[in-house]
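My questions will all concern the structure given below.
Since every read-out is calculated from the coordinates, none of them should be taken as a lab result. Everything numeric here is computed off the predicted structure, so don't read it as measured data. Cβ: placed from backbone, ideal geometry, glycine included. Neighbour counts: every protein chain shown.
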Amino acid sequence: MTIQTPQRPASDLVAANGRVPVRTILATIGLVLATVALLWVLIEVRQVLTWIVVAAFFAVALTPLVDRVQRRLVHRRSLATLLVFLVVLLALAGLVAAFAVPLAKEGTQLAGQAPQLVEDARSGRGPIGGLLDRTNALQYVQQHQAQIRSFASGLTTPAAGVLRGVATGVAGTLTIFVLAYLMVLEAPKIVDSTLALLPAERQHRVRRVGADCARSITGYISGNLLISIICGVLTYAALKIAGVPFAGLISLFVAIADLIPLVGATLGAIVAVVAAFVHSVPAGIAIVIFFVVYQQLENHLLQPLILSRTVDLNPLTVLVAILVAVELAGILGALLAIPIAGMAQVVLRDLWDNRRGRPKAEPTVGEQERPVDAAAAAPERVAG
């Protein structure tokens, strides 16, 4: 009769022998190498991942519009997606055409006037030269002409890098457009196949939370774009009335900068005010007054009216989210900080409501969690 001794756990064997099994060592090394490889791949494809994230945000913003077109006008998903993207493309082309003519005109004027402006600045003539003379900066410029000339010539040398950046930007724009189109087209299949992996009782909850997150993203993107367009148009009108040159270029910069939460409007205002003061002191004062009034209008009317119903975040959360996002992803992080914070708020609120924040179906008391009615009836029975 053979007696089988029970097998001891691996931890006991390690403790007894004082050695770690070779299999555990190899598995640990493999996990470390796999983690390093994954991080390396993410770093190498970070630009593509950025395009995917941006495309996903635009796809989420356009999906409700495509769904509405599919329900009311056409019943085929592909045709509805094509119509919506054609309308968006035509709208973007119209905006580019509306800005392209004045931008090309003013850019040509700026290029033609640049040598004369530089010469006037060096000689103390014109608005720039007068400003440099009043601020004693002209003397510094005259004393350091060689260094300034060397720095300016250095700026023109990396032409290949500039062209490469332009080509990358064009390729990125086309890639984002195609990715967003495919994401919107395949959205129902992606959602259904993802929800099919979850239990049936959780599918409705996940779908509801996803709809709330999508509504938050859509509201923020559309609202922020609308506010930036309003800011650019009003800035252009104010600069033209004040007679500030290159109003189209400045207002376009202000509109793009206004997309950045909190600090974007101030950054654009500083550039516009400096350009106005270079033109003339009355124009500078007028532009300062315009931006003070507009900031109050945007902060107390436009943003609450457009964003309050879609992204309900307090200012402290917005500031913390933007600071963290800028540190992690730069300008792109600043643009995506508020919608990501809104999504996080939706998810956390749902978790709280479904785990701890929701009231019990029946109030209980004591460590045994006895029902309140039973606890109240027990003393009455004892007294009877």
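Relative to 2.2 N^0.38 Å, what does the C-alpha radius of gyration of segment 32-88 come to as a ratio? Two decimals please.
So segment 32-88 has a normalised radius of gyration of 1.71.
How many nm is it between the label spots at VAL293 and ALA93, if each spot is 7 Å from the Cα in line with the beta carbon?
3.8 nm
So if I take the centroid of the Cα atoms in segment 278-299 and the same for segment 222-275, what is the distance between those two points in Å?
Here the two parts' Cα centres lie 11 Å apart.
Mind giving me the nanometre distance, one decimal, between the label points for ALA37 and HIS75, set 7 Å out from Cα along Cα→Cβ?
Each label point lies 7 Å from its Cα, and together they span 5.0 nm.
A further question follows. Roughly what would the spin-label model give for VAL206 and VAL324, points 7 Å off Cα along C-beta, in nm?
Once both label points are built, they end up 2.4 nm from each other.
Next question. Thinking of segment 204-354 as a set of Cα atoms, what percent of all their pairs are more than 29 Å apart?
26 percent
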